[in-house]
Structure formats: structure tokens, C-alpha cells
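Let me begin by presenting the structure, written as C-alpha cells, before commenting on it.
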Amino acid sequence: MDRIPILKLGRALLVSIQVDIHDRLAKALEEDLSERIVATGARGVMIDISGLEIVDSFMGRMLDNIAAVSRLLDADTVVVGMRPAVAITLVELGLSLTGVKTALNVERGMALIGSGQYEEFDGDDAPEGGDERNDG
Amino acid sequence: MSATTDEVLPIRESDDVVRVRQAVRVRAVAAGLGLVDQTKIVTAASELARNTLDYGLGGTARIETFTGSPERGVRLTFADNGPGIPDLERALTDGYTTGGGLGLGLSGARRLCNEFEIDSVVGQGTRITIARWK
């Protein structure tokens, strides 16, 4: 696999990392995502890491970088699906990913980055439901 | 305590770091480590394998499973013939890096293991042994 696929859903970009990836692939994802944010005008990026058995300092830094770059490009990033053992290990490693928003699952993640964006979206491929706007 | 399995993997390129992670996972499962312990030793292995590649200019990872009472677990040895680490104490400090990383590799790996030993000679290389048991 040369690239991790990036899907577009409404105004959000979705990435699901399903296999153990090497460092170059992780760097490529960082670059690809930045380009897609600008090309699509996406307001949110959701990264599903439920398939990852570990997150080490390199991958942690990559997630942090993606969140920081997205923010500069006017998009919110949320990381979803972190396994409990991964969370415990990351904290012990010394990485608490303070710059990255997280959500337990895809549904909650979409609510987080979807908040306040659908009303201005007039496309016909708008995602169904999800935006309950109960955060106010 | 006796070593029941023993394998040595090369670390020469980025893909090898992935292979080391996967092999360590298999051994950790075989040793009977729980999920959190598995995750910790695999994560530590990933940090050290990457260090072996990036700073040690390549080397090897040796994976041993030991069974005994009361301890069962995995012991890993990362060895390279790279430039060595001039200031070990500093290298083990959180946030200190001579590369582009976060400086959490060594110090973090140490926190994730029950046993951590480092032996480095400038100009000759570095050998790090870690173990995690239940």
C-alpha cells in the first residue's frame, strides 16, 4: 500500500488507519491530508485509529502535526477509536496528545467536527443525521 | 528462568521496524502477557527499533521469550555498531533529542518496561536490553 485512502463526507475528510504503517507512509498521510483540506475546503478531519495496535512517539507526533496543520488551514481534527491499552501506553510514554481532539467513536467524532457546518453546506451528498447540536 | 525462543531480526529500513513490532507482538502473546503489557512492550520495541535505525545506522533486534516462575515474559536486545551515545544521562532525559523527534524514545521506552539496560560506547555502538513480564 502506497497511500492511505482519504474519503470525503460532506465537509469532512475521513481517514481510517487499519494496518500497522511504517514511518514513510505516516509522513505521506500528513502531506496528503494537508493538500486535500485545501483542495476540498474541508472543515473537519476525522482519523480513525481503531485498527492501530500501538501508537508510538512517531505516530503520536504525526497526529499532533496533522491537528496543528489542519488548524492553520481552518479545519478541525478529531482522532477516534483509540484502544484503551494504547491510551494507557501513550500516557506512560509521556505523550498525552494535548493538541489533538479525541472522541470515542466515529459517531461522536462526526458530532464534534460536524457541529455548525451542515447548514452552510448545500450539496446533495450531505451526511444523514448525526448533527444534533446539543452542545450549547 | 530459561529462554524458550530466540530470534534475531535485522533493522535496516523503515519496514523492518514494522516487522520487529509484529514479531514482538507474536512473542508477547505467546509468553502470555496481557493486552496492556503487550502494548507496552511493542511500543517500547518500536521506539528502540527506530532509534537503532535512525541513530545507530541499522542493527539487529533479538527477541527472547522466557518462561519461569514467577515471571514469564519477553526480553529484547537492540544492538548497533553506530556512533554510540556520548551522554547517556542526557539521552535518557525526556525531551532531549539530537534528531528531529520528540525526545521520548529512550526515556519513554524505559518507563514502559520492567527491565532496562543500556550500554553504549562512543565510536563502537549501542546495546539496549529491555524486558516486560507478568
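Coordinate-derived values only; no laboratory data. Because the structure is a prediction, the values reported are computed rather than measured. Quick reminder, even Gly has a Cβ in these numbers, built from the backbone with ideal geometry, and neighbours come from all protein chains shown.
Against chain B, whose longest principal axis comes from its Cα atoms, helix B:14-30 is set at around 30 degrees.
Less than 5 angstrom separates the built amide H of A:Val79 from those of A:Ile47, A:Lys101, A:Thr102, A:Ala103, all sequence-distant by 5 or more or on a different chain. Between B:Pro83, B:Gln22, B:Gly103, the Cα set farthest toward the positive side of the dipole of the stretch B:3-133 (charges on each charged residue's Cβ, about the Cα centre) is that of B:Gln22. Computed from phi, the 3J(HN,Hα) profile of the stretch B:110-118 under the Karplus parametrisation 6.51, -1.76, 1.60 (θ = phi - 60°) reads 4, 5, 8, 10, 7, 9, 8, 10, 10 Hz, with x in place of Gly and Pro. About its Cα centre, the dipole of chain B is roughly 400 debye, where the only charges are +1 on Lys and Arg Cβ and -1 on Asp and Glu Cβ. Label separation (A:Glu92 vs A:Leu72): 3.5 nm, computed from points 7 Å beyond Cα along the C-beta direction.
Counting only other chain Cβ atoms within 10 Å of each residue's Cβ, the peptide B:97-109 averages 3. Each residue of the stretch A:54-67 was assigned a 3J(HN,Hα) from its phi angle through the Karplus expression (A = 6.51, B = -1.76, C = 1.60, θ = phi - 60°), giving 9, 10, 9, 5, 5, 5, x, 5, 5, 5, 4, 4, 4, 4 Hz with x at Gly and Pro. Going Cα to Cα from A:Lys101, which lysines come in below 29 Å? Please leave out same-chain ones fewer than 8 positions away. Excluding near neighbours in sequence, the set is A:Lys8, A:Lys27, B:Lys40.
Dipole orientation for the protein assembly as shown: of the candidates B:Leu48, A:Val55, A:Leu13, B:Leu48 has the Cα lying most toward the positive pole (charges on Cβ; Lys, Arg +1; Asp, Glu -1). Scaled against 2.2 N^0.38 Å for its residue count N, the alpha carbon radius of gyration of chain B is 0.99.
Our Cα-only numbers for the protein assembly as shown put the radius of gyration and Dmax at 20.4, 67 Å.
Mean residue ellipticity at 222 nm, helices only, the protein assembly as shown: -12000 deg cm²/dmol; runs of at least 4 DSSP H residues each add -39,500 (n - 2.57), and the sum is divided by the number of residues. A simple count of charges around B:Arg50, restricted to other residues whose Cβ falls under 9 Å of its Cβ and scoring Lys, Arg +1 and Asp, Glu -1, yields -4.
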